[in-house]
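Engineer: Handing you this structure, nothing more for now.
The values are calculated or read from the model by the stated rules, or taken from the named source; none is laboratory data. Please read these numbers as outputs of a predicted model, since none were measured by experiment. We place every Cβ from the backbone using ideal geometry, glycine too, and count neighbours over all the protein chains shown. For the accessible areas, the whole protein counts, side chains as well, though only heavy atoms, and no ligand, DNA or RNA atoms are used. Shrake-Rupley method; radii C 1.70, N 1.55, O 1.52, S 1.80 Å.
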Amino acid sequence: MTALGRALRGEWRNIVVEPVRQLARRGLSGLLLAFVACLGVIFFHALAQHPAGAVAVRLLGGVRGDLPLWLALLRTPVSLYVPALDLPVWAGLTQLFLAFALAELTLGRARTLAVAYTATLAGTLSVRVMLALGPGWGGLGLPAVAGRVLDTGPSAAVVGLFTYLAVVRRAPIVFVLTSGSMVWESIAVPNLAGREHLIAVATAVVLGLWRALGMRDRVRRGASGPADPGGAHVLADREAAPVARGPGAPPGPAASPAACAPDRR
C-alpha cells in the first residue's frame, strides 16, 4: 500500500500538478487546442443533425477503408473533429478536453498535434492493411464489408494522447486505466473501432518509448561530454587581453625588458 500510495502521488504530480502550474503560468492560451477540439466536435455534431449537414460532414471528414488513399488522407485531419454517430458526443467531450489540455500543457502544441494525428493516421492505414489481407489470417484480416464502416473520429487521438502521456511521464496506473480499458473493450466488443484503438495505443507506446530513449541518450551525451568546450580558449583570451587599472589598483607584474623594447627591425 505504501508503494501504491507513492506511485499515485508521483503520477498525480506528473500528470496533474505540473500541467496546472503551466496553466497558471500561461493562462487560457495554454488550452487553445482543447478548446478548438471541443468546439470542432460540437460544430460538426450540430451540423450532422440536419440531412444536408450530414452529407457535408460525411464528404468533409468521413473516412472509410474503401475510399481511395488520397481521399482518405485528405479527410483524416477533419475526421479528428467528427464524432461517431452511435456514441453520445457530450460524454466524450470531457475526455477530449482533458486529453488535449493535459497534452498541450505538458508536451506543447506541436508535439500534441503530431501525436494525435499520428495515432489517428496509424489506425486509418492499419484498416486498409487488414482489408487487403482479407478474411482469415488468424482473425487479423477483415472482410470487404468492413471498408464501409466510418472511422473512429477523435477517439483514437484521445487514446493516443493519454497513452503517450502515461509513457513519457512514467505513469503506469494511468496507462492501465486508459490503454487497458481499450484492450478490454476490443476483447469484449470486437469491432473495427476496437482494432483502431489498439493500433493507436501501440503507436503511442512506440512514440513514447522513442522519445524517452532519445532524452536518455541526450542526457548521457551531456554527462560524458566536456563541461565547457572551448573554455580554455576563452580563458587564454582573457589572460592575454590588457586589463585596465585604476589609480588605486596595485601594479601588475613587471614586464620583461624584451617585451618593452621597441622593434628596431
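Engineer: Collect the residues in region 79-124 that are at pLDDT 90 or above and aromatic (Phe, Trp, Tyr), keeping them in residue-number order.
Structural biologist: PHE97, PHE100, TYR117
Engineer: Considering only residues that are surrounded by fewer than 16 Cβ atoms within 10 Å (Cβ to Cβ) and over 22 Å from VAL17 (Cα atoms), which ones fall in region 85-99?
Structural biologist: If the condition is that a residue be surrounded by fewer than 16 Cβ atoms within 10 Å (Cβ to Cβ) and over 22 Å from VAL17 (Cα atoms), then LEU85, ASP86, LEU87, PRO88, TRP90, ALA91 are the ones that fit.
Engineer: Collect the residues in region 177-204 that are under 19 Å from the mean Cα position of the chain (by Cα) and crowded, with 18+ Cβ neighbours inside 10 Å, keeping them in residue-number order.
Structural biologist: THR178, SER179, MET182, GLU196, HIS197, LEU198, ILE199, ALA200, VAL201, THR203, ALA204
Engineer: Test LEU102 against the stated conditions and say whether it is open to solvent by less than 50 Å² (accessible area, probe 1.4 Å), out of contact with any Cys (no Cβ under 9 Å at 6 or more places or on another chain) and either within 20 Å of LEU177 (Cα to Cα) or free of Cβ contacts under 8 Å to residues at least 12 places away in the same chain (or both). Talk me through it step by step, then tell me what you get.
Structural biologist: Values: open to solvent by less than 50 Å² (accessible area, probe 1.4 Å): yes; out of contact with any Cys (no Cβ under 9 Å at 6 or more places or on another chain): yes; either within 20 Å of LEU177 (Cα to Cα) or free of Cβ contacts under 8 Å to residues at least 12 places away in the same chain (or both): yes.
Here the answer is yes, as LEU102 does meet what is asked.
Engineer: Let me ask something additional. Failed condition for TRP70, given (1) modelled with pLDDT of 90 or more; (2) under 21 Å from LEU98 (Cβ atoms), with all others met?
Structural biologist: (2)
Engineer: If I ask for residues that are open to solvent by less than 30 Å² (accessible area, probe 1.4 Å) and more than 29 Å from GLY134 (Cα to Cα), which ones from region 58-84 would you list?
Structural biologist: none
Engineer: Exactly one condition in (1) under 30 Å from GLY5 (Cβ atoms); (2) in contact (Cβ under 8 Å) with a residue 60 or more places away in the chain; (3) open to solvent by 40 Å² or more (accessible area, probe 1.4 Å) is false for VAL174; which is it?
Structural biologist: Result: VAL174 fails condition (3) only.
Engineer: Can you work out which of the residues in region 1-30 that are in contact (Cβ under 8 Å) with a residue 12 or more places away in the chain and among the polar types (S, T, N, Q) is most open to solvent (accessible area, probe 1.4 Å)?
Structural biologist: Among those residues, the one meeting the criterion is GLN22.
Engineer: Got at least one residue in region 120-142 being farther than 24 Å from LEU74 by Cα, in a helix (DSSP H, G or I) and among the polar types (S, T, N, Q)?
Structural biologist: Looking for residues that are farther than 24 Å from LEU74 by Cα, in a helix (DSSP H, G or I) and among the polar types (S, T, N, Q), one finds none in region 120-142, hence no.
Engineer: May I pose another question? Does VAL17 meet the test of being closer than 28 Å to ARG128 by Cα and at pLDDT below 90? Let's see the steps before the verdict.
Structural biologist: Values: closer than 28 Å to ARG128 by Cα: no; at pLDDT below 90: yes.
Spelling it out, it is not the case that VAL17 is closer than 28 Å to ARG128 by Cα and at pLDDT below 90.
Engineer: Hey, another quick one. Does ALA132 count as among the small types (Gly, Ala, Ser), out of contact with any Phe, Trp or Tyr (no Cβ under 6 Å at 6 or more places or on another chain) and surrounded by 14 or more Cβ atoms within 10 Å (Cβ to Cβ)? Break it down into steps so the answer makes sense when it comes.
Structural biologist: Details: among the small types (Gly, Ala, Ser): yes; out of contact with any Phe, Trp or Tyr (no Cβ under 6 Å at 6 or more places or on another chain): yes; surrounded by 14 or more Cβ atoms within 10 Å (Cβ to Cβ): no.
When the stated conditions are applied, ALA132 does not pass them.
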